[in-house]
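Engineer: Submitted below is the structure of interest, expressed as structure tokens.
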Amino acid sequence: MSFLISFLSIFLAEIADKTMLITLSLAGQVKRRNLIIGILLFSILIMIIPVAIGAYLDRIFPLGTLSLASGIIFIIIGVFQLISGKEEEEKEIKFKVNEVIKVFLILSLAELGDKTQIATFSLSVALPNAFLIWLGATLGIFLPNLIVALVGSELLKKINQNIVKVITSFLFLLVGIYLILAYFGWIPKVF
């Protein structure tokens, strides 16, 4: 269950996110193979940070407190995603380095502190099995960007970003509400 919740939360949040737009931009600047390797490295490493922090805090603070905080964070992300405007435009960054490193650095810097990292952190303190949370989050951020690297702009033109935004927002709200209700014992804990 931890893998599925993590994967779906991050995958849906990543669709039409700024990271995908940056990947689309990079697709025209670097070789496809290097783009995919850079995305893979980025995905693997960027999700270690929130899972590791969440797993560490889980040992310090009572589980219930962190689950409640996670529920509140999920609701805040869901509400902000519903009311927020367009994703910020990425700024073009040009420098001469290996293409894989370029992709890794640009995507990592863009993703630090993003809603997907906050969501992954929240999941890591609310759900069991940090490895499955990391694996789900890693695949959840990797696959949408891989699709963009492979199919590019044609796919983004066909996705209604408003529908994806609403679905993602409601997913975050549902997980947040569930975590809060389970914390107070008003519904049974499923995981």
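None of the figures in this text is laboratory data; all of them are computed from the coordinates on show. All values reported here derive from a predicted model rather than from experimental measurement. We place every Cβ from the backbone using ideal geometry, glycine too, and count neighbours over all the protein chains shown.
Engineer: Could you pull out the pairs from Lys18/Lys189; Lys31/Lys115; Lys18/Lys158; Lys102/Lys158 whose alpha carbons sit more than 23 Å apart here?
Structural biologist: Checking Cα-Cα distances, Lys18/Lys189; Lys31/Lys115; Lys102/Lys158 exceed 23 Å.
Engineer: State, to one decimal in nm, how far the label point of Ile177 lies from the label point of Leu82, with both points 7 Å from Cα in the Cβ direction.
Structural biologist: Modelled inter-label distance: 0.9 nm.
Engineer: For the peptides 181-187, 19-25, 8-14, what is the packing order when you average, over each peptide's residues, the other Cβ atoms within 10 Å and list the highest mean first?
Structural biologist: The peptides rank, most packed first, as 8-14, 19-25, 181-187.
Engineer: For each of Tyr178, Tyr56, count neighbouring Cβ atoms within 10 Å of the residue's Cβ, then give the residues from fewest to most.
Structural biologist: If I rank by nearby Cβ atoms, fewest first, I get Tyr56, Tyr178.
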